[in-house]
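Remarks on the structure that follows.
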Amino acid sequence: MKAQQDVDIKQEQYDKIGGWLLLVAIGLILTPIRLLVVIVKDLLPVFSGDAWSRLTTPGAEAYHPLWAPLLLFEVIGNCLFILLPIIIAIFFFQRRQFVPTLIIILLLSNLVFVAIDYFAADLIPFIAAQEDMGSLLELIRVFIASVIWVPYFLVSKRVKGTFVV
């Protein structure tokens, strides 16, 4: 009788990416593009011209000792978060069994990265004085995404039935 129940409970498998996983697929494709735009538009200009020296040279008007480490942290972190979704997307579309774990790691590491960036930037008086809500909204967005998608990847039958290779 128990063996019959085990057969009836067999995990349903899916032949293709579908359901809510389509949103994840779109995110994996768009995230590297969005971050590349951020790097080119917001971060690279800081390293050109005299902006870098104004921010990182002791005695300069805009100098703060955290500027250099924070900017390097942002560039390196954003480059990693361009590369990781591309790698994960390859495995995602191959429906590899370890993809849910990779996505959870990506989501949580992104949350930690954005939180560190937000709170470290707030230690620089120039940034702390700004009334720009963009960084806070990004932190909230990443937090909400983690709260939604981490449990989904842990308990979803669709996830368990899709990533089986």
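The values are calculated or read from the model by the stated rules, or taken from the named source; none is laboratory data. If you're wondering where the values come from, they're calculated on a predicted model, not measured in any experiment. Cβ: placed from backbone, ideal geometry, glycine included. Neighbour counts: every protein chain shown.
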_Among the residues listed as PHE73, PHE98, the single one being under 21 Å from the mean Cα position of the chain (by Cα), modelled with pLDDT of 95 or more and crowded, with 16+ Cβ neighbours inside 10 Å_ = PHE73
*If you check LEU43, LEU35, which single one turns out to be in a helix (DSSP H, G or I), more than 19 Å from ILE148 (Cα to Cα) and at pLDDT below 95?*
LEU43
*For region 131-141, state whether one or more residues are modelled with pLDDT of 95 or more, within 25 Å of ILE17 (Cα to Cα) and either of a type in the set (A, V, I, L, M, F, W, C) or exposed (fewer than 15 other Cβ atoms within 10 Å of the Cβ) (or both).*
yes
*In region 46-60, how many are out of contact with any helix residue (DSSP H, G or I) (no Cβ under 7 Å at 6 or more places or on another chain) and either assigned to a loop (DSSP other than H, G, I, E, B) or in contact (Cβ under 8 Å) with a residue 12 or more places away in the chain (or both)?*
7
*Could you grab the pairs with beta carbons closer than 8 Å, sequence gap of 6+ or different chains, first residue in region 113-135 and more than 24 Å from ILE82 (Cα to Cα), second one at pLDDT 90 or above and exposed (fewer than 13 other Cβ atoms within 10 Å of the Cβ)?*
ASP122/ALA128
*Name the single residue, out of those in region 111-165 being closer than 16 Å to PHE92 by Cα and of a type in the set (A, V, I, L, M), that is nearest to the chain's Cα centre (by Cα).*
VAL150
*Which residue pairs have Cβ atoms closer than 9 Å, lie 6 or more positions apart in sequence or on different chains, and pair a first residue in region 11-36 that is hydroxyl-bearing (Ser, Thr, Tyr) with a second residue that is not in a helix (DSSP H, G or I)?*
TYR14/ARG95; TYR14/VAL164
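This table checks each residue for (1) closer than 18 Å to ALA120 by Cβ; (2) of a type outside the set (Ser, Thr, Tyr); (3) more than 17 Å from the chain's Cα centre (by Cα).
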residue	(1), (2), (3)
VAL38	yes, yes, no
LYS41	no, yes, yes
THR56	yes, no, yes
ALA62	yes, yes, yes
TRP67	yes, yes, yes
PHE81	yes, yes, no
GLN94	no, yes, yes
